[in-house]
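Take a look at the structure set out below.
The values are calculated or read from the model by the stated rules, or taken from the named source; none is laboratory data. The structure displayed is predicted, hence computed values, not measured ones. Heads up, the Cβs are rebuilt from the backbone with ideal geometry, glycines too, and the neighbour counts pull from every protein chain shown.
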């Protein structure tokens, strides 16, 4: 039996491709849906490029030169780098620390592990930012009022502070809260799958838990940390809601807000410069992702595999309680505390630098849900878009994912690349592209639900596609083949075997899409209008022109809807896990 | 068996082959650009009711060949007929590729591929459902199939709750419920432990004899192949190295590859001094001095000056008395160690050039390490093969 050992390994069959066969009906539908998506994306991006050329009067570099020589551009870059850089580093330290505490020590808190990644879904950042303004504004912040009362008892009197959300530290604080979940997710997943015997070996050979963490654990999951950092920088650069709410007050200009201002304030909109600034945004993401690939390619990290369960937890002693308190505080600061701020202002009816529970009422909710046409219409439109747009995006993504997995060839390669492509672009860039492509002739969508629908299809295709692909990848190929062998055709196989088995993953995907579309701000700010309001657009509008109690109430309603649907996600996830 | 198969069977001659593959070729392109040829010109005919085992090391193409018969892979060239019905053809102008769901087969997958969201009964009913068998009949046939494989009691359960052996039986029930004339097995026993494997193998053989389906069975386990097969096809990098009954493959291998893959083989490599019709005279300094051996009966004939492999089975090695000789091979060796294995004993000895050979004897030899031994092999038990030119 020695000869066999030198034989080449069985070649990985190039998917279950049955190239001899004609397209089935399902596959034809897939190609049509995929085509609509691909055409929208490509047409929008091409229009954007054409726009840049046209704007530069023949010289594609002119908008770049204009953008760079605009007053304040230097400060925009400096502020952006400072805010995003510091926040991402802070967030990485917190996220890696929390992931380690939850996966490897006896400070682990089951609900934190489950809850942390969900915070951006539960409390949309626009709502939590406004909540923090109510709490920690320099003069009128409710927390500041409380703290000043307490400090004056100690003999320290002041009219302002001590907290000030309208500042660089305030900005970094909010950005950090926002970025942590995005780094925590890949890092904790990698730690959960990392063979614990690597750590145990280090302990056996004489290193303490902390040195083991830095010498073995962290180096082993370097690719996940690098991926998390990239994601963090990407999220930070694209974050628009924090800057638009507190940037002006803090005199900090971030890139995302500057681009938005160029497009919406003043006439005509300065699209060329805005797009030029977007290009810098893209370039940064590109450079960072190249660096990340380098780190991953080095190969000096452990391959993740084996069973992650049964790892002996590091005993932190009394430190366990400190660690737990810090984690609970973090979760409170990023969700419960700002939500309380919103609830207080919404019930109080107005925002004043006092804390009083007298005369609380639900008037602002009546306004939001019934009286104010804009807010009630926005809620209706957002829910409609989230349900219909989310479902259609998911259906298209599912069909494309199955098609790509089953068939090789050029069409699949293109669909795969295109479906993932929008993930690398910020919503701002995509929204501008869709605006230039579809608002004018020949489509004249203007600001309408139609253009928002197309935008959300493009924005969330990567999420939906990745969810659907991984749901499909978890189904062993043999299950589908067994159905074919049993005499069932491709359609029956899809309906009876493939889709039912993908369902738990798809339901999770549908809920995530619902929540993301519900709380979308960036695209909505550019693409919605007064006649077709959506929640993100209306909240920004109210921030400039409205009453605070209405915003607060709308924020609470939006958070409640998101949280309810996200809880459904958790429940569905747990239920389908127990079925297996 | 579907109706159109039945009519075709009636029309065709009675001894039509269950599977007939001709000139199959399949190449894959790997991600790094190199091409692999898992099936390299395979022609094969399997009789009705036969149990054929495709045997070979991993990477020899046995699973790909099975999947081509199933219709799950598309060969680049060649044709496949099932019971005289052409299901695949890439030879001429008229291209045929019947999809797997219309080939009327049963198959057992390596992972069993039981659908986790359907109960055992619904898993087994699935092929009947696809064939639009009426509900009442479906229920009855499912019950009968589960009864037959001995897992009737788990009909209402989900497959995830079953043991490996039970899952295997359910997979078998699903494969036989539609009464296909051909069932394909893709290493179905590689995921269960040794004891259950033994039991399932017997069960499977009994089932096949009782129902009479044709079986094509892929495995890399030669013991399994020997036990199950009417005929074994030994595969070597995409080609059939030998296709014969188990005993013929063991006793009369047609190549060094087959001889060494099946069972244990002793081997001496010597140089041809002279060739004369049915014999070759070989010599190996210190070990063999101009010994006349039967010429190769298979493969290429060696010329003088070339090296040949002389192969024989350990149990055909005799311990000879000093001075005794025969028509075959006589080797002077040194005793290394002996192993007592109950029913028989094994002796490992070393030739003068360091080659180790094994001899199986009924009773243990009690020698000192280093003691001289004379080994003899009858000419009829020797197989001589020319060096394979491909290396």
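Here is a yes/no grid of residues against (1) surrounded by 23 or more Cβ atoms within 10 Å (Cβ to Cβ); (2) in contact (Cβ under 8 Å) with a residue 24 or more places away in the chain:
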{"position": "B:55", "(1), (2)": "yes, yes"}
{"position": "B:77", "(1), (2)": "no, yes"}
{"position": "B:86", "(1), (2)": "no, no"}
{"position": "B:107", "(1), (2)": "yes, yes"}
{"position": "B:123", "(1), (2)": "yes, yes"}
{"position": "B:135", "(1), (2)": "no, no"}
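Any chance region B:178-194 includes a residue that's more than 14 Å from chain A (Cβ to nearest Cβ) and without any contact (Cβ under 8 Å) to a residue 24 or more places away in the chain? Scanning region B:178-194, I find at least one residue that is more than 14 Å from chain A (Cβ to nearest Cβ) and without any contact (Cβ under 8 Å) to a residue 24 or more places away in the chain, so the answer is yes. Of everything in region A:98-111 that is surrounded by fewer than 22 Cβ atoms within 10 Å (Cβ to Cβ) and either under 21 Å from the mean Cα position of the chain (by Cα) or in contact (Cβ under 8 Å) with a residue 24 or more places away in the chain (or both), the residue that is farthest from residue A:320 (Cα to Cα) is A:111.
Conditions tested, residue by residue: (1) facing chain A (nearest Cβ under 7 Å); (2) surrounded by fewer than 24 Cβ atoms within 10 Å (Cβ to Cβ); (3) at positive phi.
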| position | (1), (2), (3) |
| --- | --- |
| B:60 | yes, no, no |
| B:66 | no, yes, no |
| B:69 | no, no, no |
| B:92 | no, yes, no |
| B:95 | no, yes, no |
| B:117 | yes, yes, no |
| B:120 | no, no, no |
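Where residues in region B:97-115 are out of contact with any strand residue (DSSP E or B) (no Cβ under 8 Å at 6 or more places or on another chain) and facing another protein chain (nearest Cβ under 7 Å), which of them is nearest to residue B:178 (Cα to Cα)? Only one residue tops the list, namely B:101.
Within region B:149-170, can you find the residues that are farther than 14 Å from residue B:200 by Cβ and either at pLDDT 90 or above or in contact with a helix residue (DSSP H, G or I) (Cβ under 7 Å, 6 or more places away or on another chain) (or both)? Of everything in region B:149-170, those that are farther than 14 Å from residue B:200 by Cβ and either at pLDDT 90 or above or in contact with a helix residue (DSSP H, G or I) (Cβ under 7 Å, 6 or more places away or on another chain) (or both) turn out to be B:152, B:153, B:154, B:155, B:156, B:157, B:159. The number of residues in region B:15-34 being surrounded by fewer than 22 Cβ atoms within 10 Å (Cβ to Cβ), assigned to a strand (DSSP E or B), free of Cβ contacts under 8 Å to residues at least 60 places away in the same chain and more than 9 Å from every other protein chain (Cβ to nearest Cβ) comes to 2.
Scanning region A:112-139 for residues that are farther than 16 Å from residue A:241 by Cα and either buried (at least 18 other Cβ atoms within 10 Å of the Cβ) or in contact with a helix residue (DSSP H, G or I) (Cβ under 8 Å, 6 or more places away or on another chain) (or both) yields A:112, A:113, A:114, A:115, A:116, A:117, A:118, A:135, A:136, A:137, A:138.
The set of residues from region B:81-90 being assigned to a strand (DSSP E or B) and within 12 Å of chain A (Cβ to nearest Cβ) comprises B:87, B:88, B:89.
The number of residues in region A:474-520 being over 33 Å from the mean Cα position of the chain (by Cα) and either more than 10 Å from chain B (Cβ to nearest Cβ) or over 30 Å from residue B:173 (Cβ atoms) (or both) comes to 1. Considering region A:305-352, and only residues there that are farther than 24 Å from residue A:115 by Cα and modelled with pLDDT under 60, the residue that is surrounded by the fewest Cβ atoms within 10 Å (Cβ to Cβ) turns out to be A:305. Checking each residue in region B:212-226 for being in contact with a helix residue (DSSP H, G or I) (Cβ under 6 Å, 6 or more places away or on another chain) and free of Cβ contacts under 8 Å to residues at least 40 places away in the same chain picks out only B:226. Answer yes or no: is there a residue in region B:193-204 that is within 24 Å of the chain's Cα centre (by Cα), assigned to a helix (DSSP H, G or I) and surrounded by 22 or more Cβ atoms within 10 Å (Cβ to Cβ). Yes: one or more hits. Of the helices (runs of 4 or more DSSP H) lying entirely inside region A:143-255, those containing at least 3 residues that are surrounded by fewer than 23 Cβ atoms within 10 Å (Cβ to Cβ) and touching a residue at least 12 places away in the same chain (Cβ under 8 Å) are A:168-193, A:196-204, A:222-238, A:241-250.
Restricting to region A:377-415, give me the number of residues that are in contact with a helix residue (DSSP H, G or I) (Cβ under 6 Å, 6 or more places away or on another chain) and without any contact (Cβ under 8 Å) to a residue 24 or more places away in the chain. Selection size over region A:377-415: 1. The residue that is nearest to residue B:231 (Cα to Cα), counting only those in region B:39-51 that are away from every other protein chain (no Cβ under 14 Å) and buried (at least 23 other Cβ atoms within 10 Å of the Cβ), is B:46. Being buried (at least 22 other Cβ atoms within 10 Å of the Cβ) and farther than 17 Å from residue A:280 by Cβ is the filter; apply it to region A:419-430 and report the residue that is nearest to the chain's Cα centre (by Cα). Filtering region A:419-430 for residues that are buried (at least 22 other Cβ atoms within 10 Å of the Cβ) and farther than 17 Å from residue A:280 by Cβ, the one nearest to the chain's Cα centre (by Cα) comes out as A:422.
Here the condition is being farther than 24 Å from residue B:170 by Cβ, modelled with pLDDT of 85 or more and under 18 Å from the mean Cα position of the chain (by Cα); of A:566, A:525, A:553, A:468, it holds for A:468 alone. Contact map, region B:295-321: residues that are surrounded by fewer than 21 Cβ atoms within 10 Å (Cβ to Cβ) paired with residues that are at pLDDT below 85 and assigned to a loop (DSSP other than H, G, I, E, B), Cβ distance under 6 Å, separation 6+ or inter-chain. Pairs shown: B:295/B:278; B:307/B:387. When B:160, B:165 are screened for being within 13 Å of another protein chain (Cβ to nearest Cβ), in a helix (DSSP H, G or I), surrounded by fewer than 22 Cβ atoms within 10 Å (Cβ to Cβ) and touching a residue at least 12 places away in the same chain (Cβ under 8 Å), only B:160 passes.
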